[in-house]
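Engineer: A single structure is presented below for examination.
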Amino acid sequence: MPFMFKQLREDIASVFDRDPAARTAWEVLTCYPGLHALYIHKLAHWFWNNGLRWIGRLTTHAGRWLTGIEIHPGAKIGRRVFIDHGMGVVIGETAEVGDDCTLYQGVTLGGTSWDKGKRHPTLEAGVVVGAGAKILGPFTVGAGAKIGSNAVVVHEVPAGATVVGVPGRMVEDSTVSVQQQARFAAYAVVLNQDDPYAKAIQTLVEHSHELEQTVAALQERLQRLEGELAASQSADPSKSEQMRIVK
């Protein structure tokens with residue numbers, strides 16, 4: 001029992017660390033469905049591990065009805081995990097969520113196989129998964145990685161990487177300082193972070209604009225030369241006749 005209270009204090013403190021809207025411990029304890037879902041899961045997980053699997057599933061079902069968050073009783077959840085808002089979060093049977101991870105609303109940790117073995121992802125410590133992201137398959141998302149909102153990730157993610165888009169692709173940003181990378185990133189958004197694909201497209205657009213300007217300048221110069229030639233021919237008809245003979 002003392003351990004349970006210690007863990008509850010840790011969980012409440014982790015909410016204050018990651019949600020500026022939290023005001024009091026009582027508010028967090030009574031009004032945060034993500035916290036309720038995690039403690040309902042602890043009970044369901046205990047039933048599951050002790051052979052009472054139907055009761056575990058029933059407990060999970062009740063938790064889903066109360067919180068809008070579905071965590072399979074077989075899933076393994078670490079300490080100080082924070083599910084913010086939480087509506088629509090789905091965590092599969094063989095998923096593993098490490099310590100200090102953060103999940104936002106609409107996140108799915110799902111499987112892509114009918115196999116009975118490991119088929120859901122493993123999130124190592126400190127992973128942040130943005131709203132609506134889907135992580136699908138039995139691979140590992142490395143410690144401290146960030147999954148952008150609505151990303152669909154189907155391959156392993158290295159520690160500290162940021163993944164965005166559909167399908168998910170890694171984003172590298174050398175301009176973000178080590179201190180910024182170490183700080184918590186709400187919704188997995190890192191300030192001043194550039195998408196290399198967007199930068200490449202922007203470069204192509206700028207190059208196209210430069211080409212258009214060059215072509216316009218050449219056309220203007222050609223028209224000017226044609227005008228000068230026409231004026232020269234009208235001033236000296238003999239040159240015009242010579243040009244006709246040459247042609």
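The values are calculated or read from the model by the stated rules, or taken from the named source; none is laboratory data. Since we're looking at a predicted model, the values are computed, not measured. Here the Cβ positions follow ideal geometry from the backbone for every residue, glycine too, while neighbour counts run over all protein chains shown. Areas reflect the complete protein model, heavy atoms only, side chains present, ligands, DNA and RNA absent. Shrake-Rupley method; radii C 1.70, N 1.55, O 1.52, S 1.80 Å.
Engineer: Return the Rg/Rh ratio of the range 90-163 with Cα-based radii and a Kirkwood Rh.
Structural biologist: A ratio of 0.93.
Engineer: Cross-link list K76/K116; K42/K134; K116/K146; K76/K118: which exceed 21 angstrom alpha carbon to alpha carbon?
Structural biologist: K42/K134; K116/K146
Engineer: How charged is the neighbourhood of Q213? Take every other residue with its Cβ under 12 Å from the Cβ of Q213, and add Lys/Arg as +1 and Asp/Glu as -1.
Structural biologist: That works out to -4.
Engineer: Where only protein heavy atoms count, and the probe is 1.4 Å, what is the accessible area per residue for the range 36-157 in Å²?
Structural biologist: Roughly 44 Å² per residue, with all protein chains present.
Engineer: From the protein chains alone at 1.4 Å, what is the descending order of accessible area for Y104, Y32, Y39, largest first?
Structural biologist: Per-residue accessible area, sorted high to low, gives Y39, Y32, Y104.
Engineer: What ³J(HN,Hα) values, in whole Hz, does the Karplus curve 6.51 cos²θ - 1.76 cosθ + 1.60 give for the range 153-160 when θ = phi - 60°, with x put for Gly and Pro?
Structural biologist: 3J(HN,Hα) across the range 153-160, in whole Hz: 10, 10, 9, 4, 10, x, 4, x.
Engineer: By the gyration tensor of its Cα atoms, with a ≥ b ≥ c the square roots of the eigenvalues, what is the shape of the range 1-63: rounded for a/c under 1.5, prolate for a/b over b/c, or oblate?
Structural biologist: It comes out prolate by the Cα gyration axes.
Engineer: Just the number, please: carbon plus sulfur as a percent of the accessible area of the range 1-150, 1.4 Å probe, no ligands or DNA/RNA counted.
Structural biologist: 61
Engineer: Quick one: what are the phi-derived ³J(HN,Hα) couplings along the range 67-84, Karplus 6.51/-1.76/1.60 with θ = phi - 60°, whole Hz, x for glycine and proline?
Structural biologist: After applying 6.51 cos²θ - 1.76 cosθ + 1.60, I find 10, x, 10, 10, 10, 4, x, x, 5, 10, 10, x, 8, 6, 6, 10, 9, 8 Hz.
Engineer: Check which residues have an amide H placed less than 5 Å from I77's amide H, if you skip close sequence neighbours.
Structural biologist: V97
Engineer: Starting from the residue with the highest accessible area, list I83, I55, I12 in decreasing order, probe 1.4 Å.
Structural biologist: Highest to lowest solvent-accessible surface, that is I55, I12, I83.
Engineer: Kindly rank 124-137, 217-230 from highest to lowest mean number of other beta carbons found within 10 Å of each residue.
Structural biologist: Ranking the peptides 124-137, 217-230 by packing returns 124-137, 217-230.
Engineer: So, one more: Convex hull volume of the Cα atoms in the range 46-179, per residue, in Å³?
Structural biologist: Measuring per residue, one finds 104 Å³ for the Cα hull of the range 46-179.
Engineer: Counting other Cβ atoms within 10 Å of each Cβ, which trypsin sites (Lys or Arg not before Pro) in the range 1-38 have at most 15 and sit in a DSSP loop?
Structural biologist: Answer in residue order: R23.
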